[in-house]
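K.L.:
Sharing a structure below in structure tokens format, with a few things to ask.
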Amino acid sequence: MQRITRRTAMLALGLIPTARAQAPAWPNRPIRLVVPFAPGGTTDIMARLVAERLGPRLGQTIVAENRSGAGATIGADLVAKAAPDGYTLLMSNSGSHGVSPSLYPNLPYDPMRDFTHIALVVTSPSVLVVNANHPARTLRDFIALAREKRELEFAVSGLGSSSHLTGVRLGLALGVPVNAIPYRGAAPAMTDTIAGVVPSMFDSLPSAAPHILAGSVRALAVSSAERSRRFPDLPTLKESGVDVVSNAWFGLSAPAGLPDPILRRYETEIRAALQEPALIDRFEELSGARPPESTPESYTAFIAREIAEWAPIVRAAGIRP
């Protein structure tokens with residue numbers, strides 16, 4: 001007769017958990033995607049598009065949660081301090097991970113050490129818009145007025161955002177002092193631009209596009225190297241005589257220490273989601289760009305390059321929080 005040990009008996013009674021019970025399948029509950037800007041801006045738009053496509057592939061709902069403020073650092077810090085269990089993601093971006101490391105001397109997180117970077121999702125140019133009653137009809141008109149007033153005044157979606165730094169680069173190129181007015185998101189900044197509270201705004205193209213099409217604002221130029229497919233008649237800053245090329249970017253990151261099996265599952269499902277024709281078409285419609293090929297390794301290296309690229313611009317402009 002087989003000897004029944006105490007451990008065998010306890011296993012039979014379920015008093016000792018099995019490995020399966022200790023490690024339930026992932027994911028088995030909704031996933032939180034933190035958006036470090038207010039609703040309605042480009043980061044929010046892109047995050048919700050990705051969540052809509054990625055959720056079904058993971059078999060769970062992905063809930064977008066807006067945590068805006070301090071140039072996207074509040075939301076980023078929240079994720080940096082979250083558990084690395086795969087249930088908290090960040091829509092990392094050029095503000096939270098490209099510019100803020102040089103802008104904030106006491107940044108509460110390290111953009112490289114405190115995150116597991118998963119994938120670059122999409123890039124998008126900034127667009128310079130003015131309210132409908134603004135006297136400038138072209139970028140050259142706008143530049144002439146800025147030089148006459150000795151001030152380049154514009155609203156931005158947040159301190160240290162890509163749109164903010166694009167305006168700063170324009171001011172440096174023109175030799176004109178910059179008065180950048182930061183808002184807690186693109187939507188409130190656009191509201192004040194339309195109303196004439198501020199004369200102009202640098203915004204990411206996807207969030208500005210509906211207002212341009214509606215005639216609420218007048219677009220003068222985009223910051224990409226080439227014209228946007230969405231607005232082919234809109235000149236670039238460079239072809240208008242200003243040597244500035246700049247793009248915002250958006251990706252997915254998780255807290256540092258994300259287990260490799262979960263990271264690779266995310267990598268596989270995000271790659272598949274970004275290859276869906278409907279999502280490709282939507283990204284091209286919004287930003288004029290297709291989702292790039294990206295891996296955790298390439299996105300991590302990309303962020304390191306962006307930090308190095310923006311640091312001298314922040315120093316040259318003397319920007320302070």
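The values are calculated or read from the model by the stated rules, or taken from the named source; none is laboratory data. From a predicted model like this one, the values you see are computed outputs, not experimental measurements. Neighbour counts run over all protein chains shown; Cβ positions are idealised from the backbone, glycine included. Ligands, DNA and RNA are excluded from the accessible area calculation, which covers all protein heavy atoms including side chains. Shrake-Rupley method; radii C 1.70, N 1.55, O 1.52, S 1.80 Å.
K.L.:
Would you mention how many residues in the stretch 243-282 are among the hydrophobic types (A, V, I, L, M, F, W, C), surrounded by fewer than 19 Cβ atoms within 10 Å (Cβ to Cβ) and either over 21 Å from L90 (Cα atoms) or within 19 Å of the chain's Cα centre (by Cα) (or both)?
P.N.:
4
K.L.:
When the residues of the stretch 74-89 are filtered to those that are open to solvent by 10 Å² or more (accessible area, probe 1.4 Å) and among the β-branched types (V, I, T), which remaining residue is modelled with the lowest pLDDT?
P.N.:
The selected residue is I74.
K.L.:
While we're here: Select from the stretch 172-191 the residues that are open to solvent by less than 40 Å² (accessible area, probe 1.4 Å), more than 25 Å from D243 (Cβ to Cβ) and not small (G, A, S) and list them in ascending order.
P.N.:
M190
K.L.:
How many residues does the stretch 232-242 contain that are of a type outside the set (S, T, Y) and either open to solvent by less than 20 Å² (accessible area, probe 1.4 Å) or in contact (Cβ under 8 Å) with a residue 24 or more places away in the chain (or both)?
P.N.:
Counting residues in the stretch 232-242 that are of a type outside the set (S, T, Y) and either open to solvent by less than 20 Å² (accessible area, probe 1.4 Å) or in contact (Cβ under 8 Å) with a residue 24 or more places away in the chain (or both) gives 5.
Conditions (1) in a loop (DSSP other than H, G, I, E, B); (2) more than 26 Å from D203 (Cα to Cα); (3) open to solvent by less than 30 Å² (accessible area, probe 1.4 Å); (4) of a type in the set (A, V, I, L, M, F, W, C), marked per residue:
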{"site": "D110", "(1), (2), (3), (4)": "yes, yes, no, no"}
{"site": "V122", "(1), (2), (3), (4)": "no, no, yes, yes"}
{"site": "D141", "(1), (2), (3), (4)": "no, no, no, no"}
{"site": "R147", "(1), (2), (3), (4)": "no, no, no, no"}
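K.L.:
Which ones in the stretch 265-293 are among the small types (G, A, S) and at pLDDT below 95?
P.N.:
Within the stretch 265-293, A278, S287, G288, A289 meet the criteria.
K.L.:
Could you tell me which of the residues A51, A38, A64 is assigned to a helix (DSSP H, G or I) and under 24 Å from P188 (Cβ atoms)? It would help to see each step written out before you state the result.
P.N.:
Working: A38 fails: assigned to a helix (DSSP H, G or I); A64 fails: assigned to a helix (DSSP H, G or I).
The match here is A51.
K.L.:
Which one is farthest from the chain's Cα centre (by Cα), of the residues in the stretch 67-92 that are of a type in the set (S, T, Y) and part of a loop (DSSP other than H, G, I, E, B)?
P.N.:
Per the criteria, the residue is Y87.
K.L.:
Can you name the condition, by its number, that L159 falls short on among (1) modelled with pLDDT under 90; (2) under 22 Å from I212 (Cβ atoms); (3) open to solvent by 10 Å² or more (accessible area, probe 1.4 Å)?
P.N.:
Tallying (1) modelled with pLDDT under 90; (2) under 22 Å from I212 (Cβ atoms); (3) open to solvent by 10 Å² or more (accessible area, probe 1.4 Å), L159 fails exactly one: (2).
K.L.:
Between residues in the stretch 49-69 that are modelled with pLDDT under 95 and of a type in the set (G, A, S) and residues that are assigned to a helix (DSSP H, G or I) and open to solvent by 60 Å² or more (accessible area, probe 1.4 Å), which pairs lie under 9 Å by C-beta distance while being six or more apart or on different chains?
P.N.:
Note: pairs meeting the criteria are S68/I74.
K.L.:
When you go through (1) more than 30 Å from S287 (Cβ to Cβ); (2) modelled with pLDDT of 90 or more one by one for R32, which number turns out not to apply?
P.N.:
Result: R32 passes all but (1).
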